[in-house]
Amino acid sequence: MNVLIAFVITMIILLVSLIKFKVSPGVSLFVCAILMALLCGLPLTDTLGYLTSGFGGIMTSIGLLILFGGIFGMMLGDSGGMEELAKGLLRTFGKKNDMLALNLAGFIVSIPVYFGSAYITLNPLVTSLQKLTKKKTSAYVAALFTGLLLTHCVVAPTPGPLAVAGQIGANVGWFIIYGLVVALPASLICGWQYANVLNRRGETQDPAKIKAEAETILNNEELLKADPNKPSAGLTLALIALPIVLIIINSICSVLLPADNIFAILFSFIGNNNVALFIAMIVTGCVLHKYLIPSVSPTLWNYIDKTSDSMGNILMVIGCGNCFGTILQKSGLGEALVELLSRMNIPVIFLAFVLAMIIRAAVGSATVAMLTTVSIVGPTAVAMGMSPVTVGLAICVGTVGLTLPTDAAFWMPARYSNLTVNEAFVATTWPTTLASIAGFIVVLILNTCSGVLPGMF
């Protein structure tokens, strides 16, 4: 069967199984990997090898990162450190800039912590702020949600961007740096400013009266008062920054210092992605020990064992997703797309962005969309000599847009913030889609300058 036809059939079955029948993503991806191999006539013995090598390859690349990073993030959440960080940002930026503080809180927290856990943990602050300020809940949600989703989808060391960087051969340290460059402007414009516009939309009262009432209400200091029984905002921020700084220093040293330099050798080890997150996990566990033990678990080691159990699902999805991606590569889909693109004259970087957005909208999983898209577009882009950083970021930023009811994230504001479906669209779908487009514009600028920017190849 023609490989493009086989791919269309397989993708339809994948989407129907996920959307209509709610089949586990890991199961659907693995079954569709086998189906794609059969439709393309790949030998069964070769197919078995591709499946196992696909799963093993992605686990070698990011398996430990997901495990250590997940435990690290849970420690920050269970200890109460993330909530204190959000309060600290509000105190730092001022109460009038509460939307900015929430947006930045989400932006920072979602780097080491899974999106769902971060939203659930920070949502009580949204509820408390709304009760005090009487501003629109949907505006607060838009500010927080957009910041959370952008770093979750674009900035490593979250699993999706890590998988994309590993699959496309981009340097992880530079991928983090340029991911921040892409995500931050989009977050500020489409999270913070959008939230302010949304809050003002439809106001019928006198703006001066509303401002005076808000200032009176915000004199209440109790909401933002630091809790002595939880880690401080500064400590939490330092712990979040630890693995990121180690990874970035490693990337910088590898460029500026000779390979045999003692500092280059040292940071090549402690700045390795796996080691950096392991160090962060252990340091965080030791530093936050008194906040976690015995309230959460009898001992630190019991806590790590318990938390690691919850990492199994994401490991299954990513592993089976790469099984599917490996089969797509071996089927010759990349070559077929090259031929198709040469006829249609569609730029590869634009295809990466749009394809990732469409798959994410249909499947409801940014991680699945990233893995599928990078398997299709990645080899073609690299073969054409394009920067793996910009192509990878185009894929990642594409998965930010079109947050629809097919995605569990869409329903979080409805469930935890009591928004209607229409309000959820306004607070999630519109700002994230605008953020996706804004981020892609930055990617296009970076791609134009890729020949002179460091770390692009």
query: Given the Cα-Cα distance of ARG415 and LEU64 and 0.36 nm per residue of separation, how much length would full extension add, in nm?
result: 123.2 nm
Selection from PRO413, PHE107, ILE270, by position along the positive dipole direction of the chain (Cβ): PRO413
task: Starting from the Cα-Cα distance between ILE282 and ASN97, subtract it from 0.36 nm times their residue separation and give me the gain in nm to one decimal.
output: 63.1 nm
query: Longest span of the chain, sites excluded, free of trypsin sites (Lys or Arg not before Pro) in DSSP loop with at most 16 other C-beta atoms within 10 Å?
result: 226-457
statement: Among ASN2, VAL182, PHE324, the residue whose Cα sits farthest towards the positive end of the charge dipole of the chain (+1 at Cβ of Lys and Arg, -1 at Cβ of Asp and Glu, taken about the Cα centre) is VAL182
message: How are the alpha carbon pair distances in the range 25-94 distributed across 10 Å bins from zero to the largest one, expressed in percent?
response: 16, 27, 20, 16, 13, 7, 1
query: Using the heavy atoms of the protein chains alone and a 1.4 angstrom probe, what is the accessible area of the chain per residue in square angstrom?
result: 41 Å²
message: Treating only the Cβ of Lys, Arg, Asp and Glu as charged (+1, +1, -1, -1), what charge dipole size does the chain show about its Cα centre? Round to the nearest 20 debye.
response: 800 debye
- line: With Cα coordinates, the longest principal axis of the chain makes an angle with the long axis of helix 430-448, in degrees rounded to 10, of 60 degrees
- prompt: What angle do you read, to the nearest 10 degrees and between 0 and 90, between the alpha-carbon axis of helix 207-217 and the longest principal axis of the chain?
  reply: 80 degrees
- prompt: At a 1.4 Å probe radius, carbon and sulfur cover how many percent of the accessible area of the chain?
  reply: 67 percent
message: With n ≥ 4 as the cut-off for DSSP H runs, can you work out [θ] at 222 nm for the chain, using -39500 (n - 2.57) per run divided by the number of residues, rounded to the nearest 500?
response: -23500 deg cm²/dmol
statement: A correct Kirkwood calculation over the Cα atoms of the range 316-455 returns a hydrodynamic radius in Å of 15.9 Å
query: So how far, in whole Å, is the C-alpha centre of the range 350-400 from the one of the range 243-318?
result: 27 Å
- request: Let me have the relative contact order for the chain, percent, based on Cα pairs under 8 Å that are six or more residues apart.
  value: 24 percent
task: Please work out the Cα convex hull volume for the chain and give it in Å³ per residue.
output: 153 Å³
- prompt: Looking at this model, which pairs from LYS96/LYS230; LYS20/LYS330; LYS87/LYS134; LYS134/LYS225 are more than 27 angstrom apart at the alpha-carbon?
  reply: LYS20/LYS330
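The values are calculated or read from the model by the stated rules, or taken from the named source; none is laboratory data. This is a predicted model, so every value here is computed, not measured. As a convention, Cβ positions derive from the backbone with ideal geometry for all residues, glycine included, and neighbour counts pool all protein chains shown. Note: areas computed on protein heavy atoms with side chains; ligands, DNA, RNA excluded. Shrake-Rupley method; radii C 1.70, N 1.55, O 1.52, S 1.80 Å.
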